[in-house]
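Read-outs throughout are calculated quantities, based only on the coordinates presented, and are distinct from any laboratory measurement. Computed from a predicted structure; not experimentally measured. Neighbour counts run over all protein chains shown; Cβ positions are idealised from the backbone, glycine included.
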Amino acid sequence: MQNLRILRQRIRSVANTQKITRAMQMVAGAKLRRAQGELMDFKPYAQRLRVITNRLLEAHPTLEHPLLEKQLPVMVSLSNHDRVKNRSPFDRLRANGTAPAGLIIVSSDTGLCGTYNEKVLSAAEGFLRENPSAVLVTIGKKGTRTLARRGVRRTKEILDWGGRYESSKAGALARWMQELYLNGTVSSWWVAYTRFISAMRWKPAVERFLPIERPPSPALPEKIIVEPAPAAAASGSRTTAFGPEPVAEELLKRFIAGEFRRILLEAFTSEHSARMIAMKNATDNAAEMIQNLTLVRNKVRQAAITKELIEVVSGAEALK
């Protein structure tokens, strides 16, 4: 009877755990629907912004900007040799590998999301092996604590987002990244995050964020008419700047902000998806365990009843 009592306690314990995992699954599902809706609403804007940016760059293949690929800012006085070739001293530094790359790791603030953080950190470790001196920025408590236990140095930590996108914090971080890139502290910025595919699928990825990749130049570039800079036109100045440079300046800023928002939204949506899947699997495993324990309990109870019947029959036979 002791075994039967223990089995009943285990069944009750697993049933209580199942109630908790089912509730967490429902909460994660609600958060997933909200995050997925926000991502789906923003994606058309991000895709259209990328198309417009690529069209402008394709139409003006000689356009130069510090945020574009292979275009670096002049941050200190140039020598005559650099002035002739229109190069920055950071060209030599970055070519020699003096300026390290930068990596942002987007993890979760809370656990119970399966292998989500493990796969993101695994992708990031591959990048860190090739770039051991990388400037590291971590978003999320789980990734930060794991790297801290491993003794990996972090330049910046963000621990208070809680799986929700906040435009003010994201904008401040994006501007800080641009500042470090433009002053030559880092040669490039990369992001390790999870690319959202569907409610049941996500994939870890490491993508370059800065500098912006130039699209391949077509054989017959499209002709685009670019209006003057709005500020110069509004001032009534006769020296209004025509050409793609003022438009590219504003467009690239919007493109960077849009891409960073898309990356964060995909990462947070994938986190809620991973947590919902993990809690669903835990609920299903609890149901299977309850079923197996119930079967064992019934067998033990049947064996106990059979034993008692045998004892009663044996006692009756002994009295005859």
- Item | Inter-part distance where the stretch 270-308 and the stretch 134-203 are each reduced to a Cα centre, Å | 40 Å
- Please check which bits of the stretch 184-204 a label hung off residue 130 would reach, taking the label as a point 7 Å along Cα-to-C-beta and the cut-off as backbone N under 20 Å. 186-195, 203-204
- Virtual spin-label span in nm between residue 213 and residue 285, 7 Å along Cα→Cβ: 3.7 nm
- Extension gain (nm, one decimal) between residue 301 and residue 150, 0.36 nm per residue minus Cα-Cα: 49.3 nm
- Where a ≥ b ≥ c are root eigenvalues of the Cα gyration tensor, a/c under 1.5 meaning rounded, otherwise prolate if a/b exceeds b/c and oblate otherwise, the stretch 124-214 counts as rounded
- Task: Give the cross-link partners of residue 307 among the lysines, using a straight C-alpha distance below 28 Å as the criterion and excluding same-chain residues fewer than 8 apart.
- Result: 299, 320
- Task: Run the quick spin-label model on residue 98 and residue 245: label points 7 Å from Cα toward the beta carbon, then report their separation in nm to one decimal.
- Result: 2.7 nm
- Proximal lysines to residue 119, defined as alpha-carbon separation beneath 29 angstrom and excluding residues fewer than eight positions away on the same chain: 19, 31, 43, 141, 142, 156, 169, 203, 280
- Message: Taking the number of other C-beta atoms within 10 Å as the exposure measure, put 176, 202 in order starting with the fewest.
- Response: 176, 202
- Task: Along Cα→Cβ, 7 Å out, is where each label goes; now give me the distance between the ones at residue 316 and residue 166 in nm to one decimal.
- Result: 7.7 nm
